[in-house]
Amino acid sequence: MTQPLARAIQKMKAAKRIVAFTGAGVSQESGVPTFRDHNGLWENHRFEEVATPEGFQADPVLVWRFYMARRQLAKQVKPNAAHLAIAGWEKQFSFAGVVTQNIDGLHAQAGSRHVQELHGNIWKTECSRCHRVEVNEATELSADLPHCRDCGGLLRPHVVWFGEALNESVVHEALLWLYQADVIIVIGTSGAVEPAASFVREAKQKGAYVIEINTQKTALTPFVDLTLYGKSAELLGGPLRI
Ligand code: OAD
C-alpha cells in the first residue's frame, strides 16, 4: 500500500465526523459524462443556451431536450463502486453525509440517506411561476412543454443554472456538515465552480483534514492535505475500500 493511501485510511478511521463532497467524476465510471473533461458536456453544448435562465427563456424546448437526454441516460446508469462505498460509510463511520454538485441522484440510489444536492436534482421539476417542486420522472418530451398542474406555469428542471443562487436551506445544511467535519473526502470535482468549491476551502480553514480523490490536479489541489490520484470507483472499490 502506498503511503498516501495508508494515511487516508488512517485519517478516515480516526475521524470523528466525515463528510464526502462529490462532483461529476464520481459518476463518470457509471457512464455519466463530466462537464470539463475531454468530450465533457460543456465541450458539446453551449452552457449559455442550456444552463442559464436566459437560455430557458429564449428556447425552453432546446433546454428541455438537453435535460430529457440527460434523464434518458441517467435512467440507464447504475451507481458504481464509489457511490456504494460512500453509502456504506454511513454505517461504518460517524458520517454526516454527502454534499454533492451532481444532479443525477446516484448517491441516493446507492443507498446514501443523507445527501445535500447543491445543484438540484434532474428528476425534479420546478414551476417557473409558483415555484412548486415535485418529483417528475418523465423522460419523453410531450408535444407540449410540461406545465404546472396547480397554476399552469411552465415547468423547468429543478437544477441550479449559471447565474442563479443555490437553495439557501441546502447550503445551510451542507455548511453545517462541512464546518463540523474533521475529515472531508472530495471526490471527482474540478473545483472550478463557485460557490461550491469555496465551501471546501472554508471548511479546510476551519480545521478539516481534506483528502481529494481525482484522476488529475484540480483547482482545489493546492488547498487540500492529500490527493489520491486515480479513478474513484477503482480506488473506493479496491485499495481504498475500508
Ligand atoms: P467537472 O467536469 O468540472 O470536473 C470533473 C472532475 O472529475 C475533473 O476534475 C476530473 O479530473 C474528475 N474525474 C473524471 N473522471 C473521474 C473518475 N473516474 N474518478 C475521479 N475523478 C474523475 O465536474 P464538476 O466539478 O462536478 O454545475 O463540475 C461542477 C459543476 O459545474 C457541475 O455541478 C455543473 C457544472 O457546470 C451546474 O450545472 C450548475
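Any read-out appearing in this document is the output of simple, stated calculations on the displayed coordinates, not a laboratory observation. Keep in mind that what you see is a predicted model, and the values were worked out from it rather than measured. Note that each Cβ is placed from the backbone with ideal geometry, even for glycine, and that neighbours are counted across all protein chains shown.
If you put +1 on each Lys and Arg Cβ and -1 on each Asp and Glu Cβ, how big is the dipole of segment 1-154 around its Cα centre, in Debye rounded to 20?
For segment 1-154, the charge dipole is close to 940 debye.
Taking 1.306 mPa s as the viscosity and 10 °C as the temperature, the Stokes-Einstein diffusion coefficient of segment 1-93 based on its alpha-carbon Kirkwood radius rounds to 99 µm²/s.
When DSSP assigns beta bridges and you keep just the ones with both residues in the chain, what percent turn out antiparallel, to the nearest 5?
In the chain, DSSP labels about 25 percent of beta bridges as antiparallel.
For segment 1-82, a crude dipole built from +1 on the beta carbon of Lys and Arg and -1 on the beta carbon of Asp and Glu, taken about the Cα centre, is about 740 debye to the nearest 20.
Among bridges DSSP assigns within segment 91-222, what percent are antiparallel (round to 5)? Close to 50 percent.
Per the Cauchy relation, a quarter of the hull surface: what is the mean projected area of the convex hull of the alpha carbons in segment 100-162, in nm²?
Across all orientations, segment 100-162 yields a mean hull projection of 4.9 nm².
What are the aspartates and glutamates whose alpha-carbon lies under 13 Å from the alpha-carbon of Lys204, with same-chain residues fewer than 8 places away excluded? Candidates past the 8-residue exclusion: Asp182, Glu212, Asp225. Counted without the sites themselves, the longest stretch of the chain free of GluC sites (Glu not before Pro) in a DSSP loop having at most 14 other beta carbon atoms within 10 Å is 1-136.
Remark: Phe66, Phe21 ranked as Phe66, Phe21, counting other beta-carbon atoms within 10 Å and listing the fewest first. Translational diffusion coefficient of segment 34-158 at 4 °C, 1.567 mPa s, Stokes-Einstein with Kirkwood Rh over Cα pairs, in µm²/s as a whole number. Diffusion coefficient, whole number: 81 µm²/s.
Note on Trp123, Trp42: ascending count of other Cβ atoms within 10 Å places them as Trp42, Trp123, the fewest first. With the convex hull of the Cα atoms taken as the outline of segment 85-127, the averaged projected area works out to 3.1 nm². Among the chymotrypsin sites (Phe, Trp or Tyr not before Pro) within segment 153-242, those in coil by DSSP and having at most 15 neighbouring Cβ atoms inside 10 Å are Phe162. Simple rule: put +1 on each Lys or Arg Cβ and -1 on each Asp or Glu Cβ in the chain, find the dipole, and look at Ala208, Ala110, Leu145; the Cα lying farthest toward the positive end is Ala208. Using only alpha carbons, segment 115-242 has a radius of gyration to Kirkwood radius ratio (Rg to Rh) of 1.08.
Using +1 at the Cβ of each Lys and Arg and -1 at the Cβ of each Asp and Glu in segment 143-242, identify which of Asn167, Pro195, Leu154 lies farthest towards the dipole's positive end. The one lying farthest along the dipole's positive direction is Pro195.
Roughly what % of DSSP beta bridges within segment 1-140 run antiparallel, to the nearest 5? Counting only bridges with both partners in segment 1-140, antiparallel ones make up about 25 percent.
Checking the cross-link pairs Lys78/Lys124; Lys91/Lys231; Lys16/Lys231; Lys206/Lys231; Lys13/Lys231; Lys13/Lys124 against a 30 Å limit on the alpha carbon distance flags Lys13/Lys124 as lying beyond it.
DSSP loop trypsin sites (Lys or Arg not before Pro) in segment 61-121 with at most 14 other Cβ atoms within 10 Å of their Cβ, which ones? Present the calculation step by step, with values, prior to reporting the outcome.
Working: sites: Arg65, Arg70, Arg71, Lys75, Lys91, Arg113; in loops: Arg113.
Here the trypsin sites (Lys or Arg not before Pro) that fit, given the DSSP loop and packing criteria, are Arg113.
The length gained by stretching the chain between Leu141 and Glu54 to full extension, at 0.36 nm per residue less their Cα-Cα distance, is 29.3 nm. For segment 144-242, the relative contact order comes to 20 percent (Cα pairs under 8 Å, sequence separation of at least 6). Put a plus charge on the Cβ of each Lys and Arg, a minus charge on the Cβ of each Asp and Glu, and nothing anywhere else: the dipole of segment 86-242 about its Cα centre is then about 280 debye.
Entry note, segment 70-203: relative contact order of 19 percent, from Cα contacts under 8 Å with a spacing of 6+ residues. Put simply, the chain fits an ellipsoid with semi-axes of 32, 18, 16 Å; these come from the alpha carbon gyration tensor as the roots of five times its eigenvalues, largest first.
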